[in-house]
Amino acid sequence: MTRPSPPPPAGDADPLSRVPLGEQVRGLLLEGLLNGRWQPGDRIVERRLAAELNVSQAPVREALRSLQSLGLLDAEPNRGVRVREISPAELREVYQVRAALERLAAESAVIRLAGDTAALERHAERMAAAAGAGDALGQARHGVAFHREIVAAAGNGALLRTWEGLGVEVWTVLSLHRVRPELHENAADHAPLIEAFRRRDPEVGRLLAEHVLEYADRSA
């Protein structure tokens, strides 16, 4: 596993590019779960991972707790954590909750956006560019940004916090890793949603919920 990069010297980088160490470790852990380094049932020992990455145990502990809270790991007292097997049923449950939240968000966002889909189009363009480059992880992240744009546009802070609490990016990457849909197909799936927001379709909430649940069905 690649070690987290040291923080850039002060004044030499955009502050927005400085990712907290705990988030870097979390990303490396997720990468290891996806690429098969750790299989269901395997143990991940905090102190060993910290030594491997040459970091303190604090950011490793933070990352492990984050993935545990999402249901990806099980804690074992005095024995570290163990990787859980994620069933299709569990994936579907997460997508069902996400679909309900995004339907609610879309019903408010379509009014507040008033046909302005420029931000959604930018995210879709980035998805398509990632697809063209064969970058599945990049496409997944831009796809999550597309959906977050809609949830944020609803103007409901509690709704946004609840949506973000689902760990949407993690579950999106896991489901795409499971079903491996065609990259271009996945990017193109968002075009009808943009058109629905552009024309202020009163059914956009239902359309978005169906779009989200389609991925749950593919993962089953």
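The values are calculated or read from the model by the stated rules, or taken from the named source; none is laboratory data. Only a predicted model underlies this, so the values are computations on that prediction, with no experimental measurement involved. Here the Cβ is made from the backbone with ideal geometry for all residues, glycine too, and neighbour counts use every protein chain on show. For accessibility, only protein heavy atoms count, side chains too; no ligands or nucleic acids. Shrake-Rupley method; radii C 1.70, N 1.55, O 1.52, S 1.80 Å.
Given a 1.4 Å probe and heavy atoms of the protein chains only, how would you sort I111, I194, largest accessible area at the top? Don't skip to the end; give the middle numbers.
Details: I111 125, I194 15 Å².
I get I111, I194, largest accessible area first.
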Choose one answer from A136, A191, A63: the residue with the largest mean-square fluctuation in a GNM of the chain with alpha-carbon springs under 10 Å. A191
Per GNM of the chain with C-alpha springs under 10 angstrom, the most fluctuating residue out of R198, R141, R48 is R48
Calculated FRET efficiency for the pair N35/A188, C-beta based, R₀ 25 Å, to 0.05: 0.40
Gained length - E195 relative to A158, 0.36 nm times residue gap less alpha-carbon distance: 10.6 nm
Taking the Cβ-Cβ separation of E76 and S56 as r and a Förster radius of 22 Å, what is the calculated FRET efficiency to the nearest 0.05? 0.55
At 222 nm, what value in deg cm²/dmol follows for the chain if DSSP H runs of at least 4 each add -39500 (n - 2.57) and the sum is divided by all its residues, to the nearest 500? -21000 deg cm²/dmol
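Could you work out how much longer the chain between E93 and I111 gets when fully extended? Use 0.36 nm per residue separation minus the Cα distance between them, nm to one decimal. If you can, show how the numbers build up before the last one.
Numbers: separation 18, 0.36 × 18 = 6.48 nm, distance 2.84 nm.
Separation in residues times 0.36 nm, less the Cα-Cα distance, equals 3.6 nm.
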Order L160, L104, L64, most accessible first, counting only protein heavy atoms with a 1.4 angstrom probe. L104, L160, L64
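Given a 1.4 Å probe and heavy atoms of the protein chains only, how would you sort S175, S56, largest accessible area at the top?
Numbers: S175 0, S56 70 Å².
So, going from the largest accessible area down, we get S56, S175.
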